[in-house]
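*Asks:* For reference, the structure I am asking about is given below.
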Amino acid sequence: MAQLDKTFPPTNDCSMCILSPPKMVDVARHPNVIVHTLTEVTGITGDVGDFTLSAVRHPRYVDENACNGCGDCTDICPVEVYNTFDAGVGVRKAIYKPHPQVVPNITIRDAVHCIDCGLCYDICGKDAILREEKEQEVTLHVASVVIATGYRTFDAEKKTTFGYLRHPDVITSLEFERLINASGPPAGR
Ligand code: SF4
Ligand code: SF4
């Protein structure tokens, strides 16, 4: 939903306006909620009322407690790569926020594309950028589990009769959403 432009029911508000302040921010601030970002559940044992989840927390390469989200590192980073959030319509840096309203409002360093030029380490006034960080095993004890799978978009490349990637005007619905979105790469133009 965060990637969509407007959603209908019933007011045609921007999706992010519906999602971000009343949902993402409230959840992050709720005293009884702990948000585990970049964390992938690898196993569930137990039963209703007493589940044990094993999970892996992937490295952010940015200290969550030190980063203030100022964005100086993103501005100075010379690397630009395909931006998954914008469905490839735009690019992002090797150290970046996936989108402007992200929760928590801090950056992540993409160690695969980072060329380790060192510019972001030097500019960060909080010493928040980590050169090394390992995956961490996480164990969680919970009473209930809600599974929200999300979705994967249709792979338009597989249906060659549509001419996707052969004709520039053939685009996917998600690419269209990012194009018309006021906070998307062409600012809605
Ligand atoms: S890592 Fe440092 S420079 Fe980058 S957003 Fe966080 S505080 Fe700012
Ligand atoms: S060290 Fe990596 S993330 Fe930092 S500015 Fe250089 S390329 Fe970008």
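*Asks:* Note down all Cβ pairs under 6 Å where the first residue falls in the stretch 150-178 and is among the β-branched types (Val, Ile, Thr), the second is open to solvent by less than 100 Å² (accessible area, probe 1.4 Å), and they're at least six residues apart or on different chains.
*Replies:* Once the first residue is among the β-branched types (Val, Ile, Thr) and sits in the stretch 150-178, its partners that are open to solvent by less than 100 Å² (accessible area, probe 1.4 Å) give Thr153/Leu174; Val170/Gly163; Val170/Tyr164; Thr172/Ala156.
*Asks:* Looking only at the stretch 145-163, which residues are more than 24 Å from Asp47 (Cα to Cα), part of a loop (DSSP other than H, G, I, E, B) and either in contact with a Gly (Cβ under 8 Å, 6 or more places away or on another chain) or not hydroxyl-bearing (Ser, Thr, Tyr) (or both)?
*Replies:* Initial filter on the stretch 145-163 (more than 24 Å from Asp47 (Cα to Cα)): 151-163.
Subsequent filtering for residues that are part of a loop (DSSP other than H, G, I, E, B) retains 151-155, 159, 163.
Residues satisfying the conditions are Arg152, Phe154, Asp155, Lys159, Gly163.
*Asks:* Which residue is farthest from ligand 1 (Cβ to nearest atom), if the candidates are limited to the stretch 91-146 and must be open to solvent by less than 30 Å² (accessible area, probe 1.4 Å) and closer than 22 Å to Leu19 by Cα?
*Replies:* If we take residues in the stretch 91-146 being open to solvent by less than 30 Å² (accessible area, probe 1.4 Å) and closer than 22 Å to Leu19 by Cα, then His99 is farthest from ligand 1 (Cβ to nearest atom).
*Asks:* Another one. Limited to the stretch 38-58, what total is found for residues that are open to solvent by 30 Å² or more (accessible area, probe 1.4 Å) and at negative phi?
*Replies:* Counting residues in the stretch 38-58 that are open to solvent by 30 Å² or more (accessible area, probe 1.4 Å) and at negative phi gives 14.
*Asks:* Also, quick follow-up: Can you pull out the strands (runs of 3 or more DSSP E) entirely within the stretch 17-129 that have at least 2 residues that are more than 15 Å from ligand 2 (Cβ to nearest atom) and modelled with pLDDT of 95 or more?
*Replies:* 39-47, 50-57
The values are calculated or read from the model by the stated rules, or taken from the named source; none is laboratory data. Please read these numbers as outputs of a predicted model, since none were measured by experiment. Note: ideal-geometry Cβ built from the backbone for every residue, glycine included; neighbour counts use all protein chains shown. All accessible areas refer to the heavy atoms of the entire protein, side chains included, with ligands and DNA or RNA removed. Shrake-Rupley method; radii C 1.70, N 1.55, O 1.52, S 1.80 Å.
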